[in-house]
Each structure stands twice: as structure tokens, then as C-alpha cells.
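Asks: Quick one: structure below, then a few questions.
Every number here is computed from the coordinates shown, using simple stated rules; none is lab data. What you see is a predicted model; the values in this text were computed from it and never measured. Glycine also receives a Cβ, built like all others from the backbone with ideal geometry; neighbour counts cover every protein chain displayed.
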Amino acid sequence: MPIEIPKDKWPGKIQSVTIGAAAAEGGTRTKSITIGGQTCMPYLHYEAPMPNRPVIAIEIKSRKPDDWSSLLAEVWGDAMNDPAQWAKKAEEAGADLLVLALTLADSPEDAVKAVKAVLGASGLPLVVWGPGQAEKDNELLVPVAEAAKGEKLVLGICEDKNYRTIVATAMANGHLVQARTPMDVNLSKQLNILISDMGMPHDRIIMDPTTGALGYGIEYGYSVMERLRLAALQGDTMTQQPMMVTPGFEAWKTKESKVGEGVPESWGDWKARAINWETLTAIALVESGADIVVLRHPESVKRVSEAIGELISV
Amino acid sequence: MFIIGENIHIISEKVKEALTNRDREFFMDLAVRQVEAGAKAVDINLGPRKKDWAEVFPWIVETVETVVDVPLSIDTTNVDGMEAALKTIKKAQPILNSTSAEPERLEKVPLLAKKYGAKVIALTMRSEGIPVEADARVNIAVESLIPRMMEIDLPMENLIIDPLVLTVSGCQQYCPHLIETVRTLQYAWDPAPNISVGLSNVSNAVPNDNRPLINRVYLAMLMGVGLQMMIANPFDEKQNDVIRWIETKDTGNPLARVYNKIAERTANSEEPQMEDFDLTDAEQSAIWKTTQILLNKVIYADSYLMN
């Protein structure tokens, strides 16, 4: 008996967003990346083709972090002391784009230098994060945005308490912004409205609805992303931004990933567990509609990349 | 519309200060002005008053009854305080606000209503919380609240069911279900139970500028499904306009037409349509957007009117 599969036809479409500019577009990237553009829920190929595959960013820092797991220090080695080296290794590890996180210890000159070094070492599109304190973020991101004018960076992280300066400098210098809100559909939409209201075009906003790691609230994050995507497809223009989430950051702060000693033996091998945690967190989020996942361990990148390959193959 | 005036509420700084000073004039004035503005009863919510209930409840009742004759709604979780108020009330039949389906409250509060011949507001809420679905809330009324009143032989006309309005900011999915609950509850029993809601809860946590609009649009929808009683702010003149327009089917101006249309659509189990509104008019456009968030069609955001 033939079975007819019911198909949804949605009125809305996810905004396409292009990150990074090659020479022809006024930048120096070897290629740009386009995300978004979907017209159906994730991976329902029988409803509509997936115009752009989800991409993987690797997070590196301007200075060697002292609070990262020793498993990460082991795999990245000395490259962690030099953002340019780290960027090269991350590209080799299969990153589609890079996230460079600046730190509180950086001066504006340090920040510009680190960004230029990374742009020089790798041709991948780049996201730059401030250290996460409003005043310092603005102090570092404005000179970075000016120094990298035309590269179509993504500047982050805009939050409801601090977005104006970052959005203004992104608009003035041809960059994009990452808009983060605590896991809540109403707040995600609100920040998109506020940023759009400043005059930022929709094709330069990526929303970050925040997530939790496996076992630490991922189901809530998953539901929020799913609900945002449904609203977007129903035609709500202020929820149609592509989504970027940080499973690497979330997974590597869980006890299961962080701690190798003093845990039940049944938890098994530490390294295998830690990588599984990051991988599973990321894949669940990709399935809920994430367009960019930011990871930390090269092995997770390899596995998530394989999973994405399977999901997008028709 | 039977409005229970909500303004004597401890959440207001002025009320708090007046209570601290036992300022009789303040409370008398606030009660009189609410009744003059159209309130048919006056709610009194001074909190549980765990320490001074024995003095405060009789004091406030005596103060307010000095100047108004309408029913007082004793709004507290403190059952002893409720009884102290009931003993003092001399004028109209009081309202107890409230019981729920939580066992302890459902045990005690209806008995007080019975003993003093009061009406009682009963919330469709169990110990586990407030269900989203309309059916589940109606079930609480039919399976717990109404049977309890019958058990103690409290006349049905003394029962007022409150199906619990929740805010569009954070509990948006509850908003359309509440409308259906109000619609269905009227057919859930014979005689139909009285229904009341706390209207302004729908805009809790919404920026103040947008609250009255959300309240008005929701009110039009609820009047469409037959709401006849609510705890609300009787001083809200634009809200009073909406009530009058819908009650008298006055369509003499564009806004009156729009609010009547919303009520009519909701009454017919239809959704308001874009063509019901003149979207070139800023106010009508705002009303249209508000219908969409209240029906959970468009995700709420504080700046939804800019969307």
C-alpha cells in the first residue's frame, strides 16, 4: 500500500547570512560561508532541500586559557600560546570558521594584534568575542572592528545590557553581530527587534539562544531553538535569524568532561567521555536547527562533521 | 460587567504606606472612588498579615464599610484573617478570595463561606500547579471545586470560578486556552457557574506602556466568550469604554467597531482577521498585533509593537 508522507508548506524562510569576505568582496578571506536559507524544519529533505549545511567553528583564545581542561591543553599543545599557530591547527582540524575569544588581560592593541595574526594565519571566516564584560568588550571590539574593516567578521557577544556599541561598530565597518539571550524565546525575539531597530540589516544578525550541555539543560535549549524555528517558518520575521550555539563551552564545563579523578569507575575512560559529551551535545543542537556550533576538541569536530554529513545527505 | 475593584492591593507602595500609618482617609477615599468609577465590589488584598491579622482585617473592613455599601472581596491566603473580616462585615454579602483545588484550602475556605453566607472564588489550580489545557482546567472545576460545594451544600450561585489568567510574557501558550476555558465552563454545569478572572495578570511583567492595551484586547476576547465578572482596575477609562462598547454593541466609531469585531469573532470561535482592521491606523494596527500575541500566533517580545 503506498503511503503518502504529509508535507508542511511554510510561509516563512530563515534569513541567509554570509560570514567572511574574500578579496573580491573587500576582505582577505580565502572563502566566505553562507548559513540559513531553510524553508522547512531541519533535515526534512522530502519537504525542501537544505540550502546550506550547518557549519563548525573552533574556539581559540588570544592567550592560553588557564581554566580549560588539561585534555584540551594536551591536544592543542604549544599552539595555545600563539593565536596564529592555534588558528592554523584549528583550520587543519577541519573548522569551517574560527572563533577568537579575547581576554580581560588584552589591551586594545593586543586585541587588534591577535585578530590580525589570526586573519594572517588562516583564510577562514572569523568570529571575534570580547571577554564578556560590557565595558571591556566595547573597549576591545571597536578597534578590532575598525582594524578589520570589510572582513565581514561576526562580533560578539551582544546581550540586552550591552549591544549598542557593538552593533554600531559592526554597522560602520561592514561586520555582523552575534545576539545572545538567556534560553527564552521572548528575549531572543526582543533582542533581534532592538538590534534591527538600530538599522542593522537582517542578513548581518546571527542569534545565539544559549544552550546547556547534555544533562545540564540541553532539552530546554533544544525546545527554545525548535520553537524559534517554528515561529520563523510561520513567518515571524524577528525570529528568522540563523542560530549559533556554543556546545564546546557548555560541555567542557560539566563535571563529566572536566574531572578525570574521584568519579565513579563506571563512568569509564575520561577522554572518551569528555569527547562524547561535547559531540553528543553538539549533534543534538545541530538536529534542533543550529546553523553554527562552536566546539573545542578536534576529535569532536571530526565526529560532528561526519554526523552533519549524514544528516544532509538525501 | 461586574468589576471587583483591584486597587486596594498591598503591592502598591501607597497602600503599603497607608496601612503602616493606619490611614483611614486613604482607604475610604480609594474605596469610594472605585465604586464611583463603576466597581460593583471592592477587593481587599493586604497580604497574609501573619502577625497582626486579628487587628488589621477588622480594621480595614470597618474603615471601608464606613463609606461604601458594596460587597468586599477578602483577598488573602490567611484563613484566620478571612474569618476575622467576615465577623466584622455588616453590609453586603462578602466574597472570599480564594480557594483552589489544593486539599487544605478546599477543606477550609468553602466552610467559611457556608458559615457566613459568603460567595467564594475558586481557582482552577491543584497542588501540582496550573494546567495549560482548557479541558484540564474545566475538569478541576467539575471534578473538585463544584463537588466540594455540593458536599457542604453551598448554593451554586455563591461559587465563582476563576480559571486563572497568566501573563503573555512568559506563559503565552496559556492565553488562548484561558479563553476556551471561560467559554467551556459555562456549559460545564447547570446552573452555569459564575466566572471571574484577574484581567491584568495577562500583562504581568510587560512594560507599563503596553499593559493597558494588552488588557483591553484580552478583555474584548473574554467578553466575546461571555465573561461577566472580573477583578480589574475600575479607573481605566479606555477599558471602561471597551466594556461599554461591547455591552451595548456600540459600533459608532472605528475603535468601537474593532473591539466589537474581536468579541464577535471570538464568540464565533473564529480568529480576528487582518481585514477586520484598518492597518494604516496606528492604534488599530497595534490592536491587531496584540490579538496575534494573545492567540499565541506570534511570539511575544517586549517590543512586539515594533515588529
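Asks: Measure up A:Lys9/A:Lys31; A:Lys161/A:Lys189; B:Lys14/B:Lys50; A:Lys136/A:Lys302 against 23 Å on the Cα-Cα distance and list the ones that go over. Walk me through the numbers before you get to the answer.
Replies: Numbers: A:Lys9/A:Lys31 33 Å; A:Lys161/A:Lys189 15 Å; B:Lys14/B:Lys50 20 Å; A:Lys136/A:Lys302 34 Å.
Table pairs above 23 Å Cα-Cα are A:Lys9/A:Lys31; A:Lys136/A:Lys302.
Asks: Then there is this: Order by neighbour count: A:Trp129, A:Trp68, fewest other Cβ atoms within 10 Å first, most last. It would help to have the intermediate numbers written out before the result.
Replies: Details: A:Trp129 23, A:Trp68 17.
Lowest count first: A:Trp68, A:Trp129.
Asks: A follow-up question, please. For segment A:174-265, state which GluC sites (Glu not before Pro) are in a DSSP loop and have at most 12 other beta carbons lying within 10 Å of their beta carbon.
Replies: Counting only loop positions with at most 12 other Cβ atoms within 10 Å, the GluC sites (Glu not before Pro) in segment A:174-265 are A:Glu261.
Asks: Follow-up. Give, rounded to the nearest 20 debye, the magnitude of the charge dipole that segment B:2-232 has about its Cα centre when Lys and Arg contribute +1 at Cβ and Asp and Glu contribute -1 at Cβ.
Replies: 200 debye
Asks: Shifting gears a bit: Other chains' Cβ within 10 Å of A:188-195 residues: what's the mean?
Replies: Working: counts 2, 8, 9, 2, 3, 7, 4, 0.
That works out to 4 on average.
Asks: Per residue, how big is the convex hull around the C-alpha atoms of segment A:6-56? Give it to me in cubic angstrom, could you? Please list the in-between numbers first.
Replies: Values: hull volume 4.2 nm³, N = 51.
Expressed per residue, the convex hull around the Cα atoms of segment A:6-56 is 82 Å³.
Asks: Sort A:His45, A:His175, B:His177, B:His9 by Cβ crowding within 10 Å, fewest neighbours at the top.
Replies: Working: A:His45 12, A:His175 27, B:His177 20, B:His9 17.
Neighbour counts put them in this order, fewest first: A:His45, B:His9, B:His177, A:His175.
Asks: For the protein assembly as shown, with only Lys/Arg (+1) and Asp/Glu (-1) charged at the beta-carbon, what is the dipole magnitude about the Cα centre, in debye rounded to 20?
Replies: Here the protein assembly as shown has a charge dipole of around 320 debye.
Asks: Let me ask something else about it. Over chain B, what relative contact order in percent results from Cα pairs under 8 Å that are six or more residues apart? Provide the component values of the computation, followed by the final result.
Replies: Details: 536 pairs, mean separation 43.4, N = 307.
RCO, chain B: 14 percent.
Asks: Using only DSSP helix segments of four residues or longer, with each worth -39500 (n - 2.57), what per-residue ellipticity at 222 nm results for chain A after dividing by its residue count and rounding to 500?
Replies: After summing the helix terms and dividing by residue count, I get -12000 deg cm²/dmol.
Asks: A follow-up question, please. How much of the DSSP bridge set in the protein assembly as shown is antiparallel, in percent, rounded to the nearest 5? Walk me through the intermediate numbers first.
Replies: Numbers: 5 of 58 bridges.
Among the beta bridges of the protein assembly as shown, antiparallel pairing accounts for roughly 10 percent.
Asks: Give the calculated FRET efficiency between A:His202 and A:Asp67 to the nearest 0.05, with a Förster radius of 41 Å applied to their Cβ-Cβ distance.
Replies: Numbers: r = 36 Å, r/R0 = 0.87.
So the FRET efficiency works out to roughly 0.70.
Asks: Moving on to the next point. Using Cα centres only, tell me the gap between segment B:192-252 and segment A:245-314 in whole Å.
Replies: 50 Å
Asks: Does segment A:180-314 classify as rounded, prolate or oblate by the C-alpha gyration tensor (a ≥ b ≥ c root eigenvalues; a/c under 1.5 gives rounded; else a/b over b/c gives prolate, otherwise oblate)?
Replies: Judged from the Cα gyration tensor, segment A:180-314 comes out prolate (a/c at least 1.5, a/b above b/c).
Asks: State the answer as a single residue: which of B:Val32, B:Tyr174, B:Ile4 lies farthest towards the positive end of the charge dipole of segment B:2-232, with beta carbon charges of +1 for Lys and Arg and -1 for Asp and Glu, about the Cα centre.
Replies: The residue sitting most towards the positive pole is B:Val32.
Asks: Moving to a separate point now. Between the DSSP loop rule and a limit of at most 13 other Cβ atoms within 10 Å, which GluC sites (Glu not before Pro) in segment B:263-307 are left? Write out the running numbers ahead of the final one.
Replies: Values: sites: B:Glu264, B:Glu270, B:Glu275, B:Glu283; in loops: B:Glu270.
For GluC sites (Glu not before Pro) across segment B:263-307 that sit outside H, G, I, E and B with at most 13 neighbouring Cβ atoms in 10 Å, the list reads B:Glu270.
Asks: Continuing with this model, one more query. Of A:Gly26, A:Met207, A:Val75, which is farthest along the charge dipole of chain A in the positive direction, counting Lys and Arg as +1 and Asp and Glu as -1 at C-beta?
Replies: With unit charges placed on the Cβ atoms, the residue in question is A:Gly26.
Asks: With a ≥ b ≥ c taken as the square roots of the eigenvalues of the C-alpha gyration tensor of the protein assembly as shown, please select rounded if a/c is under 1.5 and otherwise prolate if a/b is larger than b/c or oblate if it is not?
Replies: Numbers: a/c = 2.23, a/b = 2.05, b/c = 1.09.
Prolate, since a/c reaches 1.5 and a/b exceeds b/c.
Asks: Using the structure shown, select from A:Lys13/A:Lys152; A:Lys89/A:Lys271; A:Lys13/A:Lys61 the pairs with a Cα to Cα distance greater than 28 angstrom. If you can, show how the numbers build up before the last one.
Replies: On the way: A:Lys13/A:Lys152 23 Å; A:Lys89/A:Lys271 20 Å; A:Lys13/A:Lys61 34 Å.
Those over the limit are A:Lys13/A:Lys61.
Asks: Please compute the contact order of chain A in relative form: average sequence separation of alpha-carbon pairs under 8 Å and at least six residues apart, divided by the residue count, as a percent. If you can, show how the numbers build up before the last one.
Replies: Details: 656 pairs, mean separation 63.3, N = 314.
Reported relative contact order: 20 percent.
Asks: Can you tell me what share of the DSSP beta bridges in segment A:129-257 is antiparallel? A percent to the nearest 5 is fine.
Replies: Values: 1 of 10 bridges.
Just about 10 percent of them are antiparallel.
Asks: Please label the shape of chain A as rounded, prolate or oblate, based on the square roots a ≥ b ≥ c of the eigenvalues of the alpha-carbon gyration tensor (a/c under 1.5 means rounded; beyond that, a/b larger than b/c means prolate, else oblate). Walk me through the numbers on the way to the answer.
Replies: Working: a/c = 1.55, a/b = 1.08, b/c = 1.43.
Oblate is the answer for chain A, as a/c is 1.5 or above yet b/c matches or exceeds a/b.
Asks: Moving to a separate point now. With label points built 7 Å along Cα→Cβ from the Cα atoms of B:Lys114 and B:Ser285, find their separation and express it in nm.
Replies: 5.8 nm
Asks: If I build a Gaussian network model for chain A, linking alpha-carbon pairs within less than 10 angstrom, which residue out of A:Pro143, A:Pro242, A:Pro298 has the largest mean-square fluctuation?
Replies: In this elastic network of chain A, the residue with the biggest mean-square fluctuation among A:Pro143, A:Pro242, A:Pro298 is A:Pro143.
Asks: Let me ask something additional. What do you get for trypsin sites (Lys or Arg not before Pro) in segment A:5-73 restricted to DSSP loop and a cutoff of at most 16 other Cβ within 10 Å of the site's Cβ?
Replies: Numbers: sites: A:Lys7, A:Lys9, A:Lys13, A:Arg29, A:Lys31, A:Lys61, A:Arg63; in loops: A:Lys7, A:Lys9, A:Lys13, A:Lys31, A:Arg63.
Those that pass, being in a loop and sparsely packed, are A:Lys7, A:Lys9, A:Lys31.
Asks: Roughly how tilted is helix B:282-294, in degrees to the nearest 10 and between 0 and 90, from the longest Cα axis of chain B?
Replies: 60 degrees
Asks: For peptide B:295-306, what's the mean number of Cβ atoms from other chains within 10 Å of each residue's Cβ? Please report the intermediate quantities before stating the final value.
Replies: Numbers: counts 0, 0, 4, 8, 14, 4, 13, 7, 9, 5, 1, 6.
That average works out to 6.
Asks: Further question: When a footprinting reagent is the concern and you count Cβ atoms within 10 Å, what order do B:Asp52, A:Asp291 take, fewest first?
Replies: Values: B:Asp52 12, A:Asp291 25.
Lowest count first: B:Asp52, A:Asp291.
Asks: May I pose another question? Charges only on Cβ, +1 for Lys and Arg, -1 for Asp and Glu: so what's the dipole of segment A:17-312 about the Cα centre, in debye to the nearest 20? Mind dumping the intermediate values first?
Replies: Working: 28 positive and 39 negative charges, 85 e Å.
In total the dipole reaches around 400 debye.
Asks: Still on this structure, I have one more. Going 7 Å from the Cα of A:Ile312 toward and past its Cβ, which residues in segment A:249-292 have a backbone nitrogen under 20 Å from where you end up?
Replies: A:279-292
Asks: Using DSSP H assignments, which helices in chain A have an axial alpha-carbon span of 24 Å or above and a mean Kyte-Doolittle hydropathy of 0.0 or higher? List each step's numbers first, then the result.
Replies: Details: long enough: A:270-287 (26 Å, 0.33).
Taking the DSSP H segments of chain A (at least 24 Å long, mean hydropathy at least 0.0), we get A:270-287.
Asks: Where both partners of a DSSP beta bridge lie in segment A:17-312, what percent of those bridges are antiparallel, to the nearest 5?
Replies: Antiparallel bridges: around 15 percent, rounded to the nearest 5.
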